[in-house]
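This report refers to the structure that appears directly beneath it.
What follows draws every value from the coordinates through simple rules; no lab data is involved. Because the structure is a prediction, the values reported are computed rather than measured. Using ideal geometry, Cβ is built from the backbone for each residue, glycine included, and neighbour counts are taken over all protein chains shown.
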Amino acid sequence: MKKLLLIFTIGLFTALLLFGCNNIDPNASPQMITESPTMSLPTATPEQTPEVTPPPVEPTETPVPPPPTPTPAPPVPLINKIKMTAEQRAGKVAYITIDDGPSRNTPALLAMLRGKNVKVTFFVLGRNAEAHPQYIKDIAADGHVIGNHSYSHVYKQIYASPDTLREEIVHTNNVIKNILGQDYQVTLFRFPGGLKQSDPAYVQVVTDLGMDFYAWNIDPKDSGGSKSTTEALVAKFNSQLGSMKHPVILMHDAANKDTSVQALAVMIDQLRAKGYSFDVITRP
Ligand SMILES: [Zn+2]
């Protein structure tokens, strides 16, 4: 009897294989499934469903990260912050900037610039402006532009926090206004040492005060403790100038920097011979 049943089962299997699952009578399939353990696949479906449900959760989580990544606005290139005519943009214009003054060298600088008929941008220190108010008046009277370069130039003090930077800038603006009149607007700032000008919190301080900051693209290195010779300064200047159309040159006005005045006079002559004109920095 058992043998007969076995033969019958094998016979049924063979029939199943020959006709194929799809051709089987839907009424007959439940019988087959219960008999053969290998065919009891449908029972696995309830288990598969919970496994399938988690994946849809993951895709919804993946698109979430992109929105919270806020890309900060890229910094505006130095040259784009300077107001230029179409002719200036197409041509060659040198922007001389003189930091850290006024000092006992300011009269010599002003006389040299007057002789060459060149206007520049002075980034002055509040404490030096307080010490030499007449030089601030002379700079303005000669038609140069006065920008703010902090009050103390002491990095630890200025950059202790964005608030201390704000205090230094406001203090210096007030010193300049007290000398030149309350209507005098100081809108340019230069970060001492060029520090923190890539730090959004410090840049925001400048922006909030209605000002903009200006770096440089040529540094003849007259700011060091030891005095460089005129020739060394001019050589460093030329090595950086190359074919630059809009050089923003960093020079210094300090008591011990008389070679800066002489070097600047040579640079101006050379620039003029190469077809450069000169202008002050003006915000667009
Ligand atoms: Zn400086």
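Considering Asn128, Asn173, the condition of being more than 15 Å from the ligand (Cβ to nearest atom), of a type in the set (S, T, N, Q), outside any loop (DSSP other than H, G, I, E, B) and crowded, with 17+ Cβ neighbours inside 10 Å is satisfied by Asn173 alone.
Annotation note: Cβ proximity below 6 Å between a residue of segment 111-128 that is free of Cβ contacts under 8 Å to residues at least 60 places away in the same chain and a residue that is more than 12 Å from the ligand (Cβ to nearest atom) and part of a helix (DSSP H, G or I) (sequence gap 6+ or interchain) occurs for Gly126/His171; Gly126/Thr172; Gly126/Val175. If I filter segment 146-155 for residues that are within 16 Å of the ligand (Cβ to nearest atom) and on the phi > 0 side of the Ramachandran plot, do I get at least one hit? Scanning segment 146-155 turns up at least one residue that is within 16 Å of the ligand (Cβ to nearest atom) and on the phi > 0 side of the Ramachandran plot.
Only residues that are within 16 Å of the ligand (Cβ to nearest atom) and at positive phi were counted across segment 203-238, and they come to 1. Do any residues in segment 131-157 that are under 27 Å from Val205 (Cα atoms) and touching a residue at least 12 places away in the same chain (Cβ under 8 Å) have Cβ atoms under 6 Å from those of residues that are of a type in the set (Ser, Thr, Tyr) and within 16 Å of the ligand (Cβ to nearest atom), where the two are at least six apart or on different chains, and which pairs are they? Partner pairs satisfying both residue conditions: Val145/Thr121; Gly147/Thr121; Asn148/Thr172; Tyr151/Thr172. Residues that are of a type in the set (A, V, I, L, M, F, W, C) and in contact (Cβ under 8 Å) with a residue 60 or more places away in the chain were ranked within segment 205-217; the one that is farthest from Tyr159 (Cα to Cα) is Trp216.
To keep it simple, each residue is scored yes or no on (1) surrounded by fewer than 19 Cβ atoms within 10 Å (Cβ to Cβ); (2) touching a Pro at 6+ places or on another chain (Cβ under 7 Å); (3) among the small types (Gly, Ala, Ser); (4) part of a strand (DSSP E or B).
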residue: Ile136; (1), (2), (3), (4): no, yes, no, no
residue: Gly143; (1), (2), (3), (4): yes, no, yes, no
residue: Gly147; (1), (2), (3), (4): no, no, yes, yes
residue: Gln157; (1), (2), (3), (4): yes, no, no, no
residue: Asp163; (1), (2), (3), (4): yes, no, no, no
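Checking each residue in segment 183-202 for being over 16 Å from Ile281 (Cβ atoms) and within 16 Å of the ligand (Cβ to nearest atom) picks out Pro192, Gly193, Leu195, Lys196, Tyr202.
Just the residues that are under 31 Å from the mean Cα position of the chain (by Cα) and over 18 Å from Gly275 (Cβ atoms), please, taken from segment 241-264.
Step one: filter segment 241-264 for residues under 31 Å from the mean Cα position of the chain (by Cα), giving 241-254, 260, 264.
Matches in segment 241-264: Leu250, Met251, His252, Asp253, Ala254, Ser260, Leu264.
For Ile96, the requirement of being under 13 Å from Leu180 (Cβ atoms), away from the ligand (no atom under 12 Å from the Cβ) and surrounded by 15 or more Cβ atoms within 10 Å (Cβ to Cβ) is not met.
Please determine, by comparing only the residues of segment 185-217 that are β-branched (Val, Ile, Thr) and outside any helix (DSSP H, G or I), which one is surrounded by the most Cβ atoms within 10 Å (Cβ to Cβ). Can you show your working first?
Going through segment 185-217, the residues β-branched (Val, Ile, Thr) turn out to be 186-187, 203, 205-207.
Restricting the remaining residues to those that are outside any helix (DSSP H, G or I) gives 186-187.
On the way: Val186: 21, Thr187: 16.
Among residues in segment 185-217 that are β-branched (Val, Ile, Thr) and outside any helix (DSSP H, G or I), the one surrounded by the most Cβ atoms within 10 Å (Cβ to Cβ) is Val186.
Among the residues of segment 238-284, the ones that are buried (at least 20 other Cβ atoms within 10 Å of the Cβ) and in a helix (DSSP H, G or I) come to 7 in all.
Can you find a residue that is in contact with a helix residue (DSSP H, G or I) (Cβ under 7 Å, 6 or more places away or on another chain), crowded, with 20+ Cβ neighbours inside 10 Å and in contact (Cβ under 8 Å) with a residue 40 or more places away in the chain anywhere in segment 218-237? The answer is yes, given that some residue of segment 218-237 is in contact with a helix residue (DSSP H, G or I) (Cβ under 7 Å, 6 or more places away or on another chain), crowded, with 20+ Cβ neighbours inside 10 Å and in contact (Cβ under 8 Å) with a residue 40 or more places away in the chain.
Within the option set Leu241, Leu180, Leu250, being in contact (Cβ under 8 Å) with a residue 40 or more places away in the chain, away from the ligand (no atom under 16 Å from the Cβ) and not hydroxyl-bearing (Ser, Thr, Tyr) holds for one residue only, Leu180.
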